[in-house]
1. Is there a residue in segment 424-437 that is modelled with pLDDT of 85 or more and in the same structural domain as residue 359 (by TED's automatic domain parsing)?
2. Among the listed residues 356, 378, 360, identify the single one that is surrounded by 14 or more Cβ atoms within 10 Å (Cβ to Cβ), assigned by TED's automatic domain parsing to the domain that holds residue 464 and under 21 Å from residue 440 (Cβ atoms).
3. Is it true that residue 75 is surrounded by 19 or more Cβ atoms within 10 Å (Cβ to Cβ) and under 22 Å from residue 160 (Cα atoms)?
4. Which condition from (1) outside the structural domain of residue 19 (by TED's automatic domain parsing); (2) surrounded by 15 or more Cβ atoms within 10 Å (Cβ to Cβ); (3) at pLDDT below 80; (4) part of a helix (DSSP H, G or I) is the one that residue 193 breaks?
5. Among the residues of segment 390-409, how many are more than 20 Å from residue 448 (Cβ to Cβ) and surrounded by fewer than 18 Cβ atoms within 10 Å (Cβ to Cβ)?
6. When you scan segment 204-232, how many residues do you find that are part of a helix (DSSP H, G or I) and either surrounded by 13 or more Cβ atoms within 10 Å (Cβ to Cβ) or under 15 Å from the mean Cα position of the chain (by Cα) (or both)?
7. Would you mind telling me which numbered condition in (1) outside any helix (DSSP H, G or I); (2) closer than 29 Å to residue 289 by Cβ; (3) modelled with pLDDT under 75 residue 337 fails?
8. Does residue 235 count as assigned to a loop (DSSP other than H, G, I, E, B), more than 17 Å from the chain's Cα centre (by Cα) and surrounded by fewer than 11 Cβ atoms within 10 Å (Cβ to Cβ)?
């Protein structure tokens with residue numbers, strides 16, 4: 001079963017298709033060349049031109065050689081006149097060939113010239129036959145005969161060299177012996193080769209262009225996300241390597257979607273739990289504080305009054321924490337709507353500072369307020385901007401008590417008017433960004449500032465911390 005699965009995977013693999021193209025390329029020349037000739041032979045019915053009828057007696061050189069040697073054997077012991085007579089008779093049958101013979105003394109006895117259209121084909125005259133043969137001329141003639149220039153069939157008279165009666169020759173013109181291929185074969189071969197080469201190139205191009213198209217489709221699916229921040233699944237393709245990659249990609253998206261759904265469900269449960277706990281804790285805290293107030297009217301010792309005051313402070317802090325927890329839950333869930341209006345934030349800052357002034361003064365804080373008279377208009381929610389300021393002022397009271405300093409003012413930074421709230425509480429060593437956590441109150445500040453499209457940062461000033469709030473300059477050009 002496993003072997004069958006591997007064979008099926010290999011059959012659908014891109015590697016197998018690529019190897020098939022490579023094998024086709026390797027077999028292209030050795031197979032296509034004979035295949036082209038075979039196809040031409042099949043469709044044309046011949047590969048050579050049909051010779052004229054008078055050429056048929058020269059069709060088989062082997063038969064001519066056998067015939068010529070047989071005639072030479074019959075002429076053994078014959079007189080020169082008889083030999084001449086017999087060769088003249090053969091020249092009538094083979095009139096397209098030149099026939100001559102040379103006696104034992106090297107003299108040429110007979111020359112019959114060819115007659116007919118093959119006599120001077122191509123304008124090349126027949127080679128002259130010497131009247132008397134020397135050894136050098138005989139050797140040269142034999143060399144040319146072996147090279148078929150032209151084809152010469154030579155036999156000793158009597159078909160025996162020891163007979164010493166000379167030799168006889170039949171020269172066949174080159175035009176008769178040359179093989180001529182049919183007209184149009186070169187054109188046919190060129191067309192077939194170009195066609196097969198075009199098929200090979202086109203199939204290779206389509207193979208790689210389809211791979212590229214599928215990869216680009218997968219890349220596009222990875223780059224663009226939907227409403228939930230996840231890519232959209234891609235339609236499944238062929239069961240090859242890219243198809244398995246697409247399947248893995250779709251599986252990943254499904255798992256991410258399920259994970260997002262579980263996170264959203266868990267986040268909803270957490271927020272509901274925080275909301276319910278906040279409401280449930282408010283009632284007992286209110287009851288406890290009321291009883292502490294009643295208990296404070298009773299006659300208590302000095303130590304009892306201190307303990308009662310400490311419990312009241314801790315319960316007040318716990319109430320603030322619960323209030324911040326509920327507010328943070330509402331803001332992070334998006335269930336709290338903000339009503340942004342064009343307001344003078346410096347007026348809101350003065351009012352909020354005036355409300356906190358007695359508290360700071362009671363605790364011994366040095367307070368410096370330096371606000372310009374010119375208004376500074378931002379689009380804010382009135383009540384929630386006051387909540388931002390309250391959280392920042394409360395943070396000074398709770399975490400910067402050692403410096404006993406609170407500063408409120410405005411500055412010009414990079415051409416933009418900003419609000420600066422300072423303390424001398426020792427500074428912050430955990431960075432200058434607003435989101436690095438200085439308590440739940442500052443987390444609420446970060447959410448509210450973002451919802452009101454403002455910016456803020458926390459910076460060390462050497463003695464403590466500067467909290468800077470501003471609106472981006474391009475949105476505030478008309479408000480400076």
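The values are calculated or read from the model by the stated rules, or taken from the named source; none is laboratory data. Note that the coordinates shown come from a computational prediction; the quantities given were computed from them, not determined experimentally. Don't worry about glycine lacking a Cβ; one is built from the backbone with ideal geometry, like all the others, and counts go over all protein chains shown.
1. Scanning segment 424-437 turns up at least one residue that is modelled with pLDDT of 85 or more and in the same structural domain as residue 359 (by TED's automatic domain parsing).
2. Of 356, 378, 360, the one residue that is surrounded by 14 or more Cβ atoms within 10 Å (Cβ to Cβ), assigned by TED's automatic domain parsing to the domain that holds residue 464 and under 21 Å from residue 440 (Cβ atoms) is 356.
3. Judged against the criteria, residue 75 is a match.
4. (1)
5. So the count comes out to 4.
6. Total satisfying the criteria: 18.
7. Just one mismatch for residue 337, condition (2).
8. yes
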